[in-house]
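See below for the structure under consideration.
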Amino acid sequence: MLDSGIDSGSKTFPKQLDIAKTAVYGLSILSAGMFLFLPFFNLLHPSPWQRSIGTIHGVGALLATVVAV
């Protein structure tokens, strides 16, 4: 029998894998949420004209990116 070098009796490997998987999922959801919320930062602009045009442009750019992907 060949020794693969992996201790099958160790209980820490799956736990570390679950932590890494949770971290990757969490970061991807957080970054996707920030990306989707980004066009609405234009609503903080003091000028009403810039607020409306910036928000429309941001939402349009976001939708174009989603469609392209």
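Structural remarks
- Förster radius 22 Å - calculated FRET efficiency between residue 21 and residue 57, Cβ distance, rounded to 0.05: 0.05
- Backbone geometry of the range 40-45 corresponds, through the Karplus equation with coefficients 6.51, -1.76 and 1.60 at θ = phi - 60°, to 3J(HN,Hα) couplings of 7, 5, 5, 5, 8, 5 Hz, x marking Gly and Pro.
We did not get these values from a lab; they are worked out from the coordinates using the rules stated. These numbers were taken from a predicted model, which means no experiment stands behind them. We place every Cβ from the backbone using ideal geometry, glycine too, and count neighbours over all the protein chains shown.
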